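Q: Here you go, one structure.
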Ligand code: FAD
Ligand code: MLT
Ligand code: ZN
């Protein structure tokens, strides 16, 4: 249980209160527990306090105080993160951006939306729609995750295949560095060849370089009306061939996969079964619903059926049915949450996917005979989610230790196939031991050097991504 009764804690809090009397500060044990963890639920929250600033000036002042006092800060968005990036388990000051959630402006010529970083992704999507445009990054945590968190993790989601990751949509951002300097990076320019683009260093930095306080988001044309198709597949080997068949005929907005295990959990969580029978693998794909695309999709489907690559399929006939089909894929994370899954979030180049899948399937079959393993993910982007479910009777530390042993082996497979240990969730605490399979020692040394420039006292989310 977090406590704030240590004399050192009290001195620091008194100092913060006297420096910033207008800052809203939470120290109630229930608040410390709530704001000190993310979706991983693996660490016991123990922050010093939770600060809820409401302006860039307040963020700047509190970072200056923390820099001088040597107090560690954990930037906090919606805490939907899946890698422990927003965990505060060591007396850090959590800086939650939840009160900084406004749309600050829309520019119809630039087609940009300027927002405070604490705004929820869904609110950004709605604001874009209100202006007849689209902010296309999308995933199931949309209602609770924040734009600041999305930028700090370079979040991906279900339409990366068509629109790319968060990185593509950040025309500018304002960062308060670890010394309390305010940097406006990118400033909404489309073209800018005036030296290093520091904005891109901040994207995916997981709160280790500073606090993102505002962002200029690029918007685009609204999506065309679309169809969703659910396919049932007889084998894992068929997956990439079905992808090739559909992608060669259509501009796909999404191509996602999951297994029968995933489907069973989502059905147990209240979703409706799509077919009379269960099949081992499923794909959800989305494409424009114009007549030409529909004809191409049907042709691709028939081609897959004839080649034995697909065993059944359904095409959405309404928006409500599309939503029902999407629920089968988007409901997976929530349906697994009660099983405290250990999550791998890995990627390889799409061309390397068939060979990587074969090696990974063999590895996991050998190493996890005792656990239920649930596979799903953004297979069209080369991103696989592997969730290992904790048996109810097994103590969490022993379960995690076994999964970490296997993750080391998986990291070797990734290294062989030129992949990444984190495709979209970030490294945080969960994947820190495996960073070296994705980044060379020289790269990690350079990253440490960059952090030392922007955060010389090492107060910004210390211990996340890599150790000091
Ligand atoms: P938090 O969890 O609060 O923080 C994440 C990291 O960002 C931490 O390191 C934190 O310190 C840092 N941070 C937060 N705000 C700031 C800021 N203002 N300035 C600097 N650093 C900051 N992710 C995907 O990429 N694709 C998916 O499809 C996807 N689906 C999900 C579905 C569900 C149901 C859930 C629960 C999660 C999913 N996620 C997915 C993971 C998660 O939602 C994303 O990582 C998201 O970007 C985190 O945003 P957040 O605001 O919750 O960040
Ligand atoms: C997803 O693709 O559903 C998310 O990344 C969440 C998860 O991996 O659980
Ligand atoms: Zn994902």
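Q: Does residue 320 meet the test of being away from ligand 2 (no atom under 12 Å from the Cβ), closer than 30 Å to residue 290 by Cα, free of Cβ contacts under 8 Å to residues at least 40 places away in the same chain and in a helix (DSSP H, G or I)?
A: Numbers: away from ligand 2 (no atom under 12 Å from the Cβ): yes; closer than 30 Å to residue 290 by Cα: yes; free of Cβ contacts under 8 Å to residues at least 40 places away in the same chain: yes; in a helix (DSSP H, G or I): yes.
Taking the combined requirement at face value, the residue satisfies it.
Q: Same structure again: Sort out which residues of the range 112-121 are more than 17 Å from residue 220 (Cβ to Cβ) and either without any contact (Cβ under 8 Å) to a residue 60 or more places away in the chain or not in a loop (DSSP other than H, G, I, E, B) (or both), and write them in order of number.
A: 116, 118, 119, 120
Q: Something else: Restricting to the range 117-151, what's the tally of residues that are out of contact with any helix residue (DSSP H, G or I) (no Cβ under 8 Å at 6 or more places or on another chain) and near ligand 1 (Cβ under 9 Å from one of its atoms)?
A: The number of residues fulfilling the criteria is 3.
Q: From the list 425, 339, which one is surrounded by fewer than 18 Cβ atoms within 10 Å (Cβ to Cβ) and either at pLDDT below 95 or in contact with a strand residue (DSSP E or B) (Cβ under 7 Å, 6 or more places away or on another chain) (or both)? Can you show your working first?
A: On the way: 425 fails: surrounded by fewer than 18 Cβ atoms within 10 Å (Cβ to Cβ).
None of the other options fit; the residue is 339.
Q: Going by the structure shown, is residue 189 surrounded by fewer than 24 Cβ atoms within 10 Å (Cβ to Cβ), closer than 28 Å to residue 457 by Cβ and without any contact (Cβ under 8 Å) to a residue 40 or more places away in the chain?
A: Criteria not met by residue 189.
Q: Would you pick out the residues in the range 380-406 that are in a helix (DSSP H, G or I) and touching a helix residue (DSSP H, G or I) at 6+ places or on another chain (Cβ under 6 Å)?
A: 380, 381, 406 - these are the residues of the range 380-406 that are in a helix (DSSP H, G or I) and touching a helix residue (DSSP H, G or I) at 6+ places or on another chain (Cβ under 6 Å).
Q: Among the residues of the range 137-164, which ones are within 10 Å of ligand 2 (Cβ to nearest atom) and free of Cβ contacts under 8 Å to residues at least 60 places away in the same chain?
A: If the condition is that a residue be within 10 Å of ligand 2 (Cβ to nearest atom) and free of Cβ contacts under 8 Å to residues at least 60 places away in the same chain, then no residue fits.
Q: Determine whether residue 140 is surrounded by fewer than 19 Cβ atoms within 10 Å (Cβ to Cβ) and within 14 Å of the chain's Cα centre (by Cα).
A: On the way: surrounded by fewer than 19 Cβ atoms within 10 Å (Cβ to Cβ): yes; within 14 Å of the chain's Cα centre (by Cα): yes.
It is true that residue 140 is surrounded by fewer than 19 Cβ atoms within 10 Å (Cβ to Cβ) and within 14 Å of the chain's Cα centre (by Cα).
Q: OK, next. Can you pull out the residues in the range 453-468 that are under 17 Å from residue 196 (Cα atoms) and surrounded by fewer than 16 Cβ atoms within 10 Å (Cβ to Cβ)?
A: The one that is under 17 Å from residue 196 (Cα atoms) and surrounded by fewer than 16 Cβ atoms within 10 Å (Cβ to Cβ): 453.
Q: Take the conditions within 16 Å of ligand 1 (Cβ to nearest atom), touching a residue at least 40 places away in the same chain (Cβ under 8 Å), surrounded by 18 or more Cβ atoms within 10 Å (Cβ to Cβ) and within 17 Å of residue 336 (Cβ to Cβ) and apply them to residue 386. Does it pass?
A: yes
Q: Looking at the range 173-197 only, could you name the residues that are at positive phi and in contact with a strand residue (DSSP E or B) (Cβ under 8 Å, 6 or more places away or on another chain)?
A: Within the range 173-197, 186, 187, 188 qualify.
Q: Within the bounds of the range 307-322, is there any residue that is within 16 Å of ligand 3 (Cβ to nearest atom) and at pLDDT 95 or above? First the steps, then the outcome.
A: Going through the range 307-322, the residues within 16 Å of ligand 3 (Cβ to nearest atom) turn out to be none.
No.
Q: Checking the structure you have, find out if any residue of the range 219-233 is over 30 Å from residue 307 (Cβ atoms), without any contact (Cβ under 8 Å) to a residue 40 or more places away in the chain, away from ligand 2 (no atom under 16 Å from the Cβ) and crowded, with 21+ Cβ neighbours inside 10 Å.
A: No - not one qualifying residue is present in the range 219-233.
Q: Can you find, within the range 193-218, the residue that is surrounded by the fewest Cβ atoms within 10 Å (Cβ to Cβ) among those that are touching a residue at least 40 places away in the same chain (Cβ under 8 Å) and either away from ligand 1 (no atom under 16 Å from the Cβ) or under 18 Å from residue 110 (Cβ atoms) (or both)?
A: Among them, the one singled out is 218.
Q: Applying the selection to the range 259-271, what residues are out of contact with any helix residue (DSSP H, G or I) (no Cβ under 6 Å at 6 or more places or on another chain) and at negative phi?
A: Across the range 259-271, the qualifying residues are 259, 260, 261, 263, 264, 267, 268.
Q: Can we say residue 346 is surrounded by fewer than 20 Cβ atoms within 10 Å (Cβ to Cβ) and either in contact with a helix residue (DSSP H, G or I) (Cβ under 8 Å, 6 or more places away or on another chain) or part of a strand (DSSP E or B) (or both)?
A: On the way: surrounded by fewer than 20 Cβ atoms within 10 Å (Cβ to Cβ): no; either in contact with a helix residue (DSSP H, G or I) (Cβ under 8 Å, 6 or more places away or on another chain) or part of a strand (DSSP E or B) (or both): yes.
So residue 346 fails the test.
Q: Among 364, 357, which is the only one that is more than 16 Å from ligand 1 (Cβ to nearest atom), closer than 30 Å to residue 391 by Cβ and free of Cβ contacts under 8 Å to residues at least 60 places away in the same chain?
A: Just a single option satisfies the conditions, and that option is 364.
Q: Let me ask something else about it. For the range 286-299, does any single residue satisfy the condition of being under 19 Å from residue 389 (Cα atoms) and part of a loop (DSSP other than H, G, I, E, B)?
A: For the range 286-299, residues under 19 Å from residue 389 (Cα atoms) and part of a loop (DSSP other than H, G, I, E, B): absent.
The values are calculated or read from the model by the stated rules, or taken from the named source; none is laboratory data. The model shown is predicted, which means the values in this text are computed figures rather than measured ones. Every residue, glycine among them, receives a Cβ derived from its backbone with ideal geometry; neighbour counts consider all protein chains shown.
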